């Protein structure tokens, strides 16, 4: 969760490792990598949560 929060903060932060104003398209690459990783992490955690919910429902019912 902390890494996901840090990635989101990096993307919305005005401070970049590669600034867009100087490097144009190349400056967007680091943001795109962070957004891609963040989206994958959110999807992965969502899947894990849904599986946990299914397991919990089985234990309560069964």
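The values are calculated or read from the model by the stated rules, or taken from the named source; none is laboratory data. This is a predicted model, so every value here is computed, not measured. Note that we place each Cβ from the backbone using ideal geometry, even for glycine, and neighbour counts take in every protein chain shown.
Regarding residue 60, is this residue loosely packed, with under 13 Cβ neighbours inside 10 Å and either modelled with pLDDT of 85 or more or part of a helix (DSSP H, G or I) (or both)? Even if it seems obvious, please write down each step before you answer.
Numbers: loosely packed, with under 13 Cβ neighbours inside 10 Å: yes; either modelled with pLDDT of 85 or more or part of a helix (DSSP H, G or I) (or both): yes.
Yes, satisfied.
For segment 25-41, which residues satisfy the criterion of being modelled with pLDDT of 95 or more and touching a helix residue (DSSP H, G or I) at 6+ places or on another chain (Cβ under 9 Å)?
Those that are modelled with pLDDT of 95 or more and touching a helix residue (DSSP H, G or I) at 6+ places or on another chain (Cβ under 9 Å): 37, 38, 41.
If the Cβ limit is 9 Å and pairs must be 6+ apart or interchain, which residue in segment 26-37 that is without any contact (Cβ under 8 Å) to a residue 12 or more places away in the chain and on the phi < 0 side of the Ramachandran plot pairs with which residue that is surrounded by fewer than 13 Cβ atoms within 10 Å (Cβ to Cβ) and part of a helix (DSSP H, G or I)?
Once the first residue is without any contact (Cβ under 8 Å) to a residue 12 or more places away in the chain and on the phi < 0 side of the Ramachandran plot and sits in segment 26-37, its partners that are surrounded by fewer than 13 Cβ atoms within 10 Å (Cβ to Cβ) and part of a helix (DSSP H, G or I) give 27/21.
Among the residues of segment 1-24, write down those that are part of a helix (DSSP H, G or I), loosely packed, with under 10 Cβ neighbours inside 10 Å and modelled with pLDDT under 80. Outline the logic, then answer.
Taking segment 1-24 and keeping what is part of a helix (DSSP H, G or I), we get 2-12, 20-23.
Narrowing the set further to residues that are loosely packed, with under 10 Cβ neighbours inside 10 Å leaves 2, 12, 21-22.
Residues satisfying the conditions are 21, 22.
Considering each residue of segment 25-46, count those that are surrounded by 10 or more Cβ atoms within 10 Å (Cβ to Cβ) and either over 15 Å from the mean Cα position of the chain (by Cα) or farther than 23 Å from residue 9 by Cα (or both), and give that number.
In the first step, residues of segment 25-46 are kept if they are surrounded by 10 or more Cβ atoms within 10 Å (Cβ to Cβ); the result is 26-46.
Next, only the ones that are either over 15 Å from the mean Cα position of the chain (by Cα) or farther than 23 Å from residue 9 by Cα (or both) stay: 26-29.
Total satisfying the criteria: 4.
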